[in-house]
1. Take the Cβ-Cβ distance between TRP132 and THR32 as r, set R0 to 22 Å, and report the resulting FRET efficiency rounded to the nearest 0.05.
2. Just give me a number: lysine pairs in the range 1-86, eight or more positions apart or cross-chain, with C-alpha atoms less than 22 Å apart.
3. I want to check the label-to-label distance for VAL84 and HIS113. Put each point 7 Å from Cα in the C-beta direction and report it in nm to one decimal.
4. Between the range 84-112 and the range 1-49, what's the alpha-carbon centroid distance in Å?
5. I'd like the Kirkwood hydrodynamic radius of the chain, using the inverse of the mean 1/r over distinct C-alpha pairs, in Å.
6. Can you order the peptides 42-51, 2-11 by their average number of other Cβ atoms within 10 Å per residue, highest first?
7. What accessible area per residue comes out for the chain, rounded to a whole number of Å², with a 1.4 Å probe?
8. Might you work out the accessible area of GLU59 for me, using a 1.4 Å probe with all protein chains in place, and round it to the nearest 10 Å²?
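The values are calculated or read from the model by the stated rules, or taken from the named source; none is laboratory data. Everything quoted here is computed from the prediction, not taken from an experiment. When we count neighbours, we look across all protein chains shown, and the Cβ atoms used for this are built from the backbone with ideal geometry, even at glycine. Each accessible area value is taken on the protein alone, full model and side chains, heavy atoms only, with ligands, DNA and RNA left out. Shrake-Rupley method; radii C 1.70, N 1.55, O 1.52, S 1.80 Å.
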Amino acid sequence: MAIHIKLIKNNIKSSSSYGKYFAKTVSQGEVTLKSMVREALLARGYDEGAVMAVVMDLEHALKVKLSEGYTVVLPEIGRFSLRVESEGVDEPKKFSLRRHIKRIICGFLPAGHRIGGHGIRYNFCDGVETVWQHGYKP
């Protein structure tokens with residue numbers, strides 16, 4: 001498994017890293033839930049309708065529990081929670097839910113494990129390497 005990268009120059013003049021090049025991942029496209037279900041079917045031999053039903057039921061349950069204010073933990077996948085973005089006010093009495101809440105966001109923290117004193121390794125990143133984007137090499 002490998003992700004593709006290319007180098008991008010920072011052209012923001014006010015940045016302390018102006019003019020430096022940074023690696024950026026390059027998407028290889030998108031995959032749909034249906035195509036991922038098919039891959040699971042090939043790997044395990046399950047019925048497509050049954051797998052799709054379970055995934056759709058999970059999606060519904062996730063939405064319900066998030067809207068009830070729960071943090072949803074899916075082992076080996078990660079944690080989902082809702083949070084809000086709002087404008088600040090000078091006094092609590094002046095805060096209005098309708099006027100000051102700008103949007104609700106679904107946050108996701110991928111599952112992972114600590115690596116000594118070197119931070120966290122996320123499960124989805126295990127075994128992934130980097131390669132240059134096809135046709136690109138500095």
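1. Values: r = 27 Å, r/R0 = 1.23.
Efficiency computed from Cβ-Cβ geometry: 0.20.
2. Values: LYS6/LYS20; LYS6/LYS24; LYS9/LYS20; LYS9/LYS24; LYS13/LYS24; LYS34/LYS63.
Within the range 1-86, the lysine pair count is 6.
3. 3.9
4. 29
5. 19.8
6. Numbers: 42-51: 10.4, 2-11: 12.8.
Most protected by this proxy first, the peptides run 2-11, 42-51.
7. Dividing the accessible area of the chain by its residue count gives 84 Å².
8. Ignoring ligands and nucleic acids, GLU59 comes out at about 100 Å².
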